[in-house]
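Trainee: What follows is a single structure, and I will ask about it in a moment.
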Amino acid sequence: MSEYWLVTLPNGPRSAPSETLERVRMSVAARGKEYADFYPVAMPRLPISSLDTLMSLSDAMAKVDREIEGVVGKVEKQYKDTAGDDREPLLVDGMMVNEYVQRFEWNFAKYSVRADVKLADIMEEIRRGVAAADEEIRTMTVDFNETTQRLASLKRKKAGGLTTAPLEEFLTAAQVGGVERVDADSEYLTTLLVLVPYNQEDKWLSTYQSLCPTLAGYGGPDWLDGGSFGLGTDDGNFGPESGRQRKKGSPVVPRSSKKFAVVGDTAVYTVTILKGQYEAGFYEGDEWQQGVYVDFVEPFKRAAKENRFTVRDFEFDPSRIGETERAVEDLEITLSLARRDLVERCKVQFSETFEAMMHSKLVRAFVESVLHYGLVQSAPGEPPQTSFVSVLMAPSPRHLAKLSDALAAFYKSAAPGGPDGGDPNPSPNPKALSLRPSPNPNPNPSPRRGRGR
């Protein structure tokens, strides 16, 4: 979109609006070339409030104006990010953006300017509509991003191979059916699945029985092994003195590891270990010390990982074979529909918010200009009239400074005693509102109220 300035020009009682527009056109032309293209704007007969109300509106509208511009920019960016490089151009009211701006007319059906409608009500209606559009796009964007993240996570999980993907994606029911494993409801034992690099099988077979050699405690007064500890004899020790940890070993069931599958360059083994161990409670004096349960599975997994073996819980459900692939396909469909809906709503809401921005600019220009130029009493008994005309300028990017200088010269000529005698309080710069943030839409503020945007 090109850059545009919405400019209000002083129009004295002896000049027709068309004459003022032609004079300013001539003022900004040099050597047969114009510094900007001109597009007249029909300012509607907006309700005129008291001076205090206008001043209050002027302060509030600057903030609302920035907020609306921000929403328009966010909707446009979201559309570009979602639709991709092959996107269609955004339209406003069925027209290309530049065409809409150049042909802009107040939408009386959407924003009524009846005498009983206040300017503050018009601005609030504009603000509410933009806020609703912002909330809708924000909510749809959050849902779209969450779906995108779920799909990416699922694909990463599947691409991670046996390490992270469900076992049903790599193993068959026939392979798993031939595995000897302890009962799933066993209170003391569990069978784990171990992923062993193909060139590390000998190391696994020679070391798995000695992993975590001091994890499990095999001592206790109820054991009888004839060892030097005198286990099994009543030595009067109990509770913490029972010495269960005086004899330690690995929680692995000897000779329990079996290979049952090979996936790529990974051998798949099973191994059975003790789930954990309960340290009995005891009395310490008159106070009972609650026993604790010591888990063996997680320490065993960590020890295996240190030796470059990956241990996974053995969870396999034949009914879930192909489930990840189906989930990916379903999410891809969901994401495609979400993208389509978000793109369409961005198109709609860009048109709505851009139209709201244009109306907001016009209201703000009206308020600023009434405060700056004042009103003219046209005839006895008639309501006062505005003393300015409005025009949209599309400045040449190379002539922004020259355009500002030329407009400043026009304003001086419009001062009292000038050819039009229009502006009773001449400003060195026009009352200009940029339709897009620009580096220097109007470098010098108005000296009267600091509002010369």
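Trainee: Among the lysines, which fall within straight-line cross-link reach of Lys77, defined as a Cα-Cα distance under 17 Å, with same-chain neighbours fewer than 8 residues apart omitted?
Mentor: Straight-line reach from Lys77, under 17 Å: Lys347.
Trainee: Continuing with the same structure: Sort the following peptides by mean Cβ neighbour count (other Cβ atoms within 10 Å, averaged over residues), highest first: 120-126, 351-357. Please report the intermediate quantities before stating the final value.
Mentor: Working: 120-126: 17.6, 351-357: 23.0.
Going by the mean number of other Cβ atoms within 10 Å, highest first, we get 351-357, 120-126.
Trainee: Another question, if that's okay. Straight-line reach from Lys258: which lysines have a Cα under 19 Å away, not including same-chain ones fewer than 8 places off?
Mentor: Partners found: Lys203, Lys275, Lys301, Lys305.
Trainee: OK, next. Among the lysines, which fall within straight-line cross-link reach of Lys118, defined as a Cα-Cα distance under 25 Å, with same-chain neighbours fewer than 8 residues apart omitted?
Mentor: Lys63, Lys110, Lys361, Lys431
Trainee: Summing +1 for each Lys or Arg and -1 for each Asp or Glu, what net charge is found among the other residues whose Cβ lies under 15 Å from the Cβ of Val263?
Mentor: Details: positive: Lys158, Lys259, Arg312; negative: Glu168, Glu169, Glu201, Asp265.
Residues close to Val263 contribute a combined charge of -1.
Trainee: Another question, if that's okay. Please list 3J(HN,Hα) in residue order for the stretch 49-66, calculated via the Karplus relation 6.51 cos²θ - 1.76 cosθ + 1.60 where θ = phi - 60°; whole Hz, with x for glycine and proline.
Mentor: Result, ordered by residue: 9, 5, 4, 4, 5, 5, 5, 5, 4, 4, 5, 5, 5, 4, 5, 4, 4, 5 Hz.
Trainee: Moving to a separate point now. What residues qualify as long-range amide H neighbours of Val263, i.e. H under 5 Å apart, gap of 5 or more or another chain, H built at 1.01 Å from N?
Mentor: Distant-sequence amide H within range of Val263: Val268.
Trainee: Separate question: Can you tell me the order of 206-215, 404-413 when each peptide is scored by its average per-residue count of other Cβ atoms within 10 angstrom, highest first? Walk me through the numbers on the way to the answer.
Mentor: On the way: 206-215: 15.8, 404-413: 18.4.
For the peptides 206-215, 404-413, the packing ranking is 404-413, 206-215.
Trainee: Give the shape of the stretch 1-136 as rounded, prolate or oblate, defined through the alpha-carbon gyration tensor: a ≥ b ≥ c are the square roots of its eigenvalues, a/c under 1.5 means rounded, and otherwise the shape is prolate if a/b is larger than b/c and oblate if not. List each step's numbers first, then the result.
Mentor: Values: a/c = 2.15, a/b = 1.15, b/c = 1.88.
Since a/c reaches 1.5 but b/c is at least a/b, the shape of the stretch 1-136 is classed as oblate.
Trainee: Rounded, prolate or oblate for the stretch 265-398? Axes are the square roots of the Cα gyration tensor eigenvalues, ordered a ≥ b ≥ c, and the cut-off for rounded is a/c under 1.5.
Mentor: Numbers: a/c = 4.82, a/b = 2.65, b/c = 1.82.
Prolate shape, in that a/c is at least 1.5 and a/b is the bigger ratio.
Every read-out reported here was derived from the displayed coordinates using simple, explicitly stated rules and does not represent laboratory data. Since this is a predicted model, take the numbers as computed values, not measurements. Don't worry about glycine lacking a Cβ; one is built from the backbone with ideal geometry, like all the others, and counts go over all protein chains shown.
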